[in-house]
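These notes concern the structure reproduced below.
The values are calculated or read from the model by the stated rules, or taken from the named source; none is laboratory data. Computed from a predicted structure; not experimentally measured. Cβ placement follows ideal geometry from the backbone for every residue including glycine, while neighbour counts extend to all protein chains displayed.
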């Protein structure tokens, strides 16, 4: 039997196994909130827990992409004055340049100005944005192999792959996260109404869902993406139309089961309105399968967006993991493109899978009941 969970505040087991009778054990467990018990069970799955830590860290780095990968300095001190190129545009003449145009901060002349005595510029770790052409470092040959300037090389257009991956990862995860949230909310609403009221409401809604769910989602996305101008709003809307179906099925099944339990009958006998029974009593006891599905729904959203970009049907002016995969396929000699983009995509899928498996195990009622019986 696995080691018992430990309450950090008291340094005592959450599930006592020292000869106490069952009533005493259950009383000891009652002092720990369900959320804390769930979190401790989740942390016991080391692979899932550290996958969550790594995933959150990577996404946090993606959110700070402009601070980590940019062609503008974060701060400039020049001839006694402070400048903030990340926030404001300055003409080249401010830094001793000959032309009144926007400053190119990668220009060797401008960088030499910052290196003079009394001046300095704080650049991000990677000196390229996702739309910065690397003609100062890679010359005219693109795609360029990894180098000290372009850590993961450049793509066929001369853009830095490190910057493309950082921004592309942020866009993919943010898109999938938003899609998961909206799809989950819609699925909960539709599935809850179906399962709670059942009868003709459930029968009518289920026939519609069966027809809608049988449609080939990817093919429809390809058709609509090829007919209309490709924007994130359009892709998000189209994918939302299908994102709720599986969630609704799980919520419906849980509501159909829970509506027959004694606490629901007691609530009805007390005269509570249906909406209060649904959202305050039945819903909290029906969310376990929904929570375990969330990482896998995010994986599906990331994969779908990458697939559309790989097929050339995504948003053309945004950094994309799928478009990098396509470039790698078309330029097999530029191995650094396919290896880096494929590695980021597969690593993301693995992290989300490990998180999902840990969530499923932590919320598994059979495991919880087994721990209670063992205590």
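Limited to the range 54-87, what total is found for residues that are in contact with a helix residue (DSSP H, G or I) (Cβ under 8 Å, 6 or more places away or on another chain) and assigned to a helix (DSSP H, G or I)?
9
Among the residues of the range 4-17, are any part of a helix (DSSP H, G or I) and modelled with pLDDT of 50 or more?
no
May I ask you to verify whether residue 21 is modelled with pLDDT under 80 and surrounded by fewer than 13 Cβ atoms within 10 Å (Cβ to Cβ)?
yes
Just name the residue that is nearest to the chain's Cα centre (by Cα) out of those in the range 251-276 that are surrounded by 15 or more Cβ atoms within 10 Å (Cβ to Cβ), touching a residue at least 24 places away in the same chain (Cβ under 8 Å) and not in a loop (DSSP other than H, G, I, E, B).
Per the criteria, the residue is 251.
What helices (runs of 4 or more DSSP H) lie completely within the range 117-232 and have 1 or more residues being modelled with pLDDT of 90 or more and either in contact with a strand residue (DSSP E or B) (Cβ under 8 Å, 6 or more places away or on another chain) or assigned by the TED database to the domain that holds residue 310 (or both)?
In the range 117-232, 161-197, 199-213 are the helices (runs of 4 or more DSSP H) which contain 1 or more residues that are modelled with pLDDT of 90 or more and either in contact with a strand residue (DSSP E or B) (Cβ under 8 Å, 6 or more places away or on another chain) or assigned by the TED database to the domain that holds residue 310 (or both).
Kindly indicate whether residue 120 is surrounded by 12 or more Cβ atoms within 10 Å (Cβ to Cβ) and within 19 Å of residue 319 (Cβ to Cβ).
Considered against the rule, which asks whether it is surrounded by 12 or more Cβ atoms within 10 Å (Cβ to Cβ) and within 19 Å of residue 319 (Cβ to Cβ), residue 120 comes out as no.
Condition check ((1) free of Cβ contacts under 8 Å to residues at least 60 places away in the same chain; (2) farther than 23 Å from residue 177 by Cβ; (3) surrounded by 18 or more Cβ atoms within 10 Å (Cβ to Cβ); (4) over 26 Å from the mean Cα position of the chain (by Cα)) across all residues:
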| residue | (1), (2), (3), (4) |
| --- | --- |
| 198 | no, yes, no, yes |
| 201 | yes, yes, no, yes |
| 221 | no, no, yes, no |
| 232 | no, no, no, no |
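Looking at (1) in the same structural domain as residue 118 (by the TED database); (2) part of a helix (DSSP H, G or I), can you tell me which one residue 42 breaks?
(1)
Testing residue 156 on (1) in contact with a helix residue (DSSP H, G or I) (Cβ under 7 Å, 6 or more places away or on another chain); (2) closer than 24 Å to residue 63 by Cα; (3) touching a residue at least 24 places away in the same chain (Cβ under 8 Å), one condition comes back false. Which one is that?
(2)
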